[in-house]
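The next block holds one structure in the form of structure tokens; read it before the comments.
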Amino acid sequence: MTHKILATLLAFLVVACHSNDNGRNKEKAKENEEIPNALETAVKQGLIQVIKCPAVAGYTTMEVETKQVITDENNYLHVFANSDLNLDETPPTIDFTQQQVVALHLGLKPSSGYKLEFDNFVVKASTLNIYYTEVSPPILCDVTQAITYPYCLIAVNNQFTNIEFFKSDKQQCSR
């Protein structure tokens, strides 16, 4: 009899906690919808085109942190193919008379939980300033112990003769 009461009470608590979490998750989703991130805003403004971002590879030749501005198709196809060697996808066509490609690779990371986030894109005459953050998991964060390689590939207008990168770091548990 006591076991039935405890089981009923436990089931009630699980359902109550779960329904409360759903309310919080819906609030968070609503918050995220209302405040678009810098990448979404830049896309809507026509400033950039997303090629592959955010992305995380498990197998690549891009093992060190790099920031590249790519102005020709051959280099673009090489970087796209080598960013994720497991990716079986045709790269989007880029018109290099109109656009150039920005490739950011964070390099080898010891676990999941690492990602690249764009904070802002600032246009100053013919210069594009790209502000981004490398997000890493705190020490107590539950992550998969597997080597990962976060990266982003975006296309920008080739009117920018100078592209500058500004990096910051933060720790955050993310899924």
| request: May I ask you to compute the full-extension gain from K44 to I163, defined as 0.36 nm times their residue separation minus their alpha-carbon distance, rounded to one decimal in nm? | output: 40.8 nm
| message | List the residues, sorted by chain then number, that are 5 or more residues from Q171 or on another chain and whose placed amide H is less than 5 Å from its amide H. | response | S136
| note | Checked the stretch 38-171 with the C-alpha gyration tensor, a ≥ b ≥ c its square-rooted eigenvalues, rounded below a/c of 1.5, otherwise prolate if a/b is larger than b/c and oblate if not; verdict oblate
| field | For G107, residues with placed amide H under 5 Å, excluding near neighbours | value | T66
| message | So if I take the centroid of the Cα atoms in the stretch 114-128 and the same for the stretch 32-79, what is the distance between those two points in Å? | response | 11 Å
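We did not get these values from a lab; they are worked out from the coordinates using the rules stated. Values in this document were obtained by computation on a predicted structure and should not be read as measured data.
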